[in-house]
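What follows draws every value from the coordinates through simple rules; no lab data is involved. The structure presented is a predicted model; accordingly, all values stated were derived computationally and were not measured. Every residue, glycine as well, gets a Cβ built from its backbone with ideal geometry; the counts of neighbours run over all protein chains shown.
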Amino acid sequence: MIQASLGSTLTQEQTKGSASSPVLQVRNLTKRFGDGCTFCEKEELEENYCPRCGSVLACSNVSFDLDKGEILGVVGESGSGKSTMVKSLYFDQQVTSGSATIANYKQGMANIFTESAQQQRYIRNYVMGMVYQNPHLGLKMDYSSSGNVAEKLIAAGHFHVGNIRERSAELLEKVEIPVSRMDELPRRFSGGMQQRVQISKALANNPPLLLLDEVTTGLDLSVQAKVLDLIRSIQRELQVAMVVVSHDLGVIRMLADRTMVMKQGKVVEQGLTDQILEDPQHPYTQLLVHSLL
């Protein structure tokens, strides 16, 4: 089991919140690249590019809920805003407007986008985990694999070397990285193994929420299958809520309970994954589904 002594040390603040309330609530998340102008701030643009000031609305009024143990798939073409959305949730990018609340943080009463930098670091260390498409963004290649996991634990206030080593070994073994290789540098691993190290690091403090951005892109099909199986097993065992971003509907079909379709920064359709894939309503979703066939 993955819930070792360090993994169970959630703070009292983290464990508060109603079991029936969504783990994550996002309302009107908007991210604009550029200064904006009165035209693009007030007018409903046909596309996400303002012809007057040149600003780009990467995300425009994105809203959704995510329940405990649920996997939400976010799909769309390149430039649809799906990666910008998860990076904004993880504070890699500052949002222009909108709100997001997490049930395990201040009882779901605080807008995490307006919290202080110190509190946002706390959320990253305790309440969220992130797995990037490019492992170089999520891992330090000059640290050992166990050292990468340890970094996350130390950031959350764990300093007992023996416990950290034990937790690192447990997590890496869980994602099928041999314990005998836990002190090797990730740069010596294959792409699939690097992604698995990222997942183990993201799970270090048993966060209730995991964000995954195109984690299978560029991997061989057999490696993709192993990574997807791993994600599913983690979801079943730990009941971690996940937001999974992908341009691949095959990945979404395999993982997601619900699916949200984005185009040019906007959510054009969302619902149960089976419903979206079998009976798409929006013309863009229909195009995506037919391209899969």
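Using a Förster distance of 25 angstrom, determine the FRET efficiency expected from the C-beta separation of Asn134 and Gln239, and round it to 0.05.
0.35
Would you calculate a helix-derived [θ] at 222 nm for the chain, using -39,500 (n - 2.57) for each DSSP H run of n ≥ 4 and dividing by the full residue count, to the nearest 500?
-10000 deg cm²/dmol
How do Leu45, Leu203 rank when sorted from fewest to most other Cβ atoms within 10 Å of their own Cβ?
Listed from fewest to most nearby Cβ atoms, that is Leu45, Leu203.
Please list, in chain and number order, the residues 5+ apart from Val74 or on another chain whose amide H is under 5 Å from its amide H, with Hs placed from the backbone.
Val244, Val245, Ser246, Met260
Which angle between 0 and 90 degrees, to the nearest 10, do you get for helix 191-202 versus the longest principal axis of the chain when only C-alpha atoms count?
The two axes meet at around 80 degrees.
Summing +1 for each Lys or Arg and -1 for each Asp or Glu, what net charge is found among the other residues whose Cβ lies under 11 Å from the Cβ of Cys53?
Here the charged neighbours net out to 0.
With springs connecting C-alpha atoms under 10 Å apart, model the chain as a Gaussian network and identify which of Ser80, Ser200, Ser97 has the largest mean-square fluctuation.
Top of the fluctuation ranking is Ser97.
Just how large is the dipole of the range 217-293 about the Cα centre, in debye to the nearest 20, putting +1 at every Lys and Arg Cβ and -1 at every Asp and Glu Cβ?
180
Using a 10 Å cut-off around each Cβ, can you sort Val244, Val127 from fewest to most neighbouring Cβ atoms?
Listing Val244, Val127 from fewest to most nearby Cβ atoms yields Val127, Val244.
Pairing rule first: another cysteine's C-beta must sit under 4.7 Å. Under that rule, which cysteines of the chain stay single?
Cys with no partner Cβ under 4.7 Å: Cys59.
Determine the dipole magnitude for the range 133-254: charges of +1 sit on the beta-carbon of Lys and Arg, -1 on that of Asp and Glu, nothing else is charged, the reference point is the Cα centre, and the result goes in debye to the nearest 20.
80
What nm distance separates the two modelled labels at Ala117 and Glu166, each placed 7 Å from Cα along Cα→Cβ?
Rounded to a tenth, the inter-label distance reads 3.6 nm.
Rank Ser180, Ala100, Gly157 by how far each Cα sits towards the positive end of the charge dipole of the chain (+1 on Lys, Arg Cβ; -1 on Asp, Glu Cβ) and give me just the farthest.
Of the candidates, Gly157 comes out farthest on the positive side.
Treat each spin label as a single point 7 Å out from the Cα along the C-beta direction, and report the Glu184 to Glu278 distance in nm.
My value for the distance between the label points is 4.4 nm.
If I take every Cα pair under 8 Å that is 6 or more residues apart in the chain, average their sequence separation and divide by the length, what percent do I get for the relative contact order?
Taking the mean separation of contacting Cα pairs over the length of the chain, I get 25 percent.
What is the range 119-243's relative contact order, in percent, from Cα pairs under 8 angstrom and six or more apart in sequence?
Computed value for the range 119-243: 35 percent relative contact order.
Mind checking the dipole of the range 58-175: about its Cα centre, +1 per Lys or Arg Cβ, -1 per Asp or Glu Cβ, Debye to the nearest 20?
The dipole magnitude comes to about 220 debye.
Once both axes come from the Cα atoms, what is the angle between helix 221-238 and the longest principal axis of the chain, in degrees from 0 to 90, rounded to 10?
80
Under 8 Å for C-alpha pairs, at least 6 residues apart: give me the relative contact order for the range 52-195, rounded to a whole percent.
Dividing the mean separation by the residue count of the range 52-195 yields 16 percent.
Report, to the nearest 10°, how far helix 145-155 tilts away from the longest principal axis of the Cα atoms in the chain, using its own Cα long axis and a range of 0 to 90°.
Approximately 80 degrees, to the nearest ten.
Kindly count the pairs of lysines across the range 144-293 whose alpha carbons are less than 20 Å apart, treating pairs on different chains or eight or more residues apart as eligible.
Going through the range 144-293 pair by pair, I get 5.
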